[in-house]
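**Q** Below you will find the structure I want to go over with you.
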Amino acid sequence: MHIPSHLKYTKSHEWIRLEIDGTVTIGISQHAQELLGDMVFVEYPKIGRKLKQGEECAVVESVKAAADVYAPMTGEVTEVNSELESEPEKINQDPYAAWLFKLKPADLNELNELLDAAAYQRIIESEIH
Amino acid sequence: MKKTPLNQIHRDMNARMVPFGDWDMPLHYGSQLDEHQKVRSDAGMFDVSHMLAVDIRGEGARNFLLNLVANNVTKLVQPGKALYTCMLNEQGGIIDDLIIYFLTESWFRMVVNAGTADKDVAWIRTKRDELMPGLEIIPQFNLAMIAVQGPNARAKLWQVIIGSQAATENLKLFQSTVFDKYFIARTGYTGEDGFEIILPADNAEDFWNKLHAVGVTPAGLGARDTLRLEAGMNLYGQDMDETTNPFESGLTWTIDLKDPRDFIGKKALLEMPIRQQLFGLLLEDRGMLRNHQEVFTRYNENGDKNQITSGGFSPTLNRSIALARLPSKITIGDEVQVLVRDKKLRASVSKYPFVRNGKSLI
């Protein structure tokens, strides 16, 4: 299972990357895309929307099922990856490049509450076994 | 979990296995979309051994079936001919949909759905006891079934079963024949040409491997579902069940009420008010239609529940499509609204099938 060590993760299978400008980029993990199968639709949060940590804010749908994406941190949506609108399969091809949206976090300390790669790995293993 | 004779092969091919009713079945072998496209453009194969062949043997088998099922087995004239039909309860509700093959006057074969197989066999035996106690009802648990589907499916099968071409190339749709140890029918559940093959379970692995070797792509339940939805074919348990009748399930074509023959459920069908029918839907907004979503039309009345019975993504049309049970009065082209999570999305009412033989019909 590919779990890059420079990213943070959530139990609900989002990955989070802190950018140099203080925003965070959010996508779904390799494990999540494998579970869901071929992606066919993405619904983004509106730019400017203020999200609370844990709030449902986006949807990814595969041929099989719809899955909610939750805000990993409190903050304001600054950008969405509209490329996925026409090419949702990019999430399957490279889930760590195919980001969904960016947030300007209200409190960067929330990053410390997120899972590191090793902790996320343990979560996946406990789901599988 | 029940396993088909091909279970180990699916695992060896890295299938994602999922529970399907009582069965451990392959959902896909990597990409459901690729498998779908392969069936539309070339050839794919499905393990459908979870379905059950039930043989009806003995004197009077045809007379028994005339009463047991809703479609008319009088249409089965030539040996090998197949018939799609519903089996109804006394209330006109659908116990199962199935295919009946006419082999001889004292041997008909039914192929029934996996999820309903136990219930079907119990029902058939009860009716046999009432109507024709001398008949034998024989579930065939030691058979495998493999569907080979796609524009190149027949040619690939001929490469694998040496000598079968002459025996099967003149089969029309819904005809079958026996060749060597293979029962070969020109039927399917994808909207493409191809065969469904019934064979001894012990030969299944070897047959599957040979098909794979000539380039037939293994395809899972995922692709089977998107293919059948595009082809506008009902799925039992979703598009119909014991609480719905053939008229409101897009299966009126399988019923002939004018024929004087009596069959189980006929009386109920004759007396039944029909307010709903299955229609196709094409989603016009961005989003995804899914099973059980509520549909709003101009005709909401009588408290009938208007909802999607099967919805999803159509790879061929590259948009979301559905079958939905809607008021009969609705017309093709009407706009309706579908409740998707917290939003009402626009969809247009469409005829179906949506796709046949690789081509969009929309």
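**Q** For the range B:116-148, give me each residue that is of a type outside the set (Ser, Thr, Tyr), under 20 Å from B:LEU235 (Cβ atoms) and touching a Phe, Trp or Tyr at 6+ places or on another chain (Cβ under 7 Å).
**A** Listed by number, the residues that qualify are B:ILE146, B:ALA147.
**Q** Another question about this same structure. Of the residues that make up the range A:55-68, is at least one within 14 Å of another protein chain (Cβ to nearest Cβ), among the acidic types (Asp, Glu) and surrounded by 20 or more Cβ atoms within 10 Å (Cβ to Cβ)?
**A** yes
**Q** Out of the strands (runs of 3 or more DSSP E) lying entirely within the range B:280-362, which hold 3 or more residues that are surrounded by fewer than 20 Cβ atoms within 10 Å (Cβ to Cβ) and within 14 Å of chain A (Cβ to nearest Cβ)?
**A** The strands (runs of 3 or more DSSP E) meeting that bar number zero.
**Q** Looking only at residues that are surrounded by fewer than 19 Cβ atoms within 10 Å (Cβ to Cβ) and not aromatic (Phe, Trp, Tyr) in the range B:20-36, which one is farthest from B:GLY150 (Cα to Cα)?
**A** B:ASP22
**Q** Right, here's the next one. Based on this model, can you work out whether B:PHE141 counts as assigned by TED's automatic domain parsing to the domain that holds B:THR187, surrounded by 22 or more Cβ atoms within 10 Å (Cβ to Cβ) and under 23 Å from the mean Cα position of the chain (by Cα)?
**A** In short, no.
To keep it simple, each residue is scored yes or no on (1) surrounded by 15 or more Cβ atoms within 10 Å (Cβ to Cβ); (2) touching a strand residue (DSSP E or B) at 6+ places or on another chain (Cβ under 7 Å); (3) of a type outside the set (A, V, I, L, M, F, W, C).
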site: B:GLU136; (1), (2), (3): no, yes, yes
site: B:VAL148; (1), (2), (3): yes, yes, no
site: B:ASN152; (1), (2), (3): yes, no, yes
site: B:ALA155; (1), (2), (3): no, no, no
site: B:GLN159; (1), (2), (3): yes, no, yes
site: B:ILE162; (1), (2), (3): no, no, no
site: B:ALA166; (1), (2), (3): no, no, no
site: B:LYS172; (1), (2), (3): no, no, yes
site: B:GLN175; (1), (2), (3): yes, yes, yes
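The values are calculated or read from the model by the stated rules, or taken from the named source; none is laboratory data. Here the structure is a predicted model, which means the values were calculated and not measured. Neighbour counts run over all protein chains shown; Cβ positions are idealised from the backbone, glycine included.
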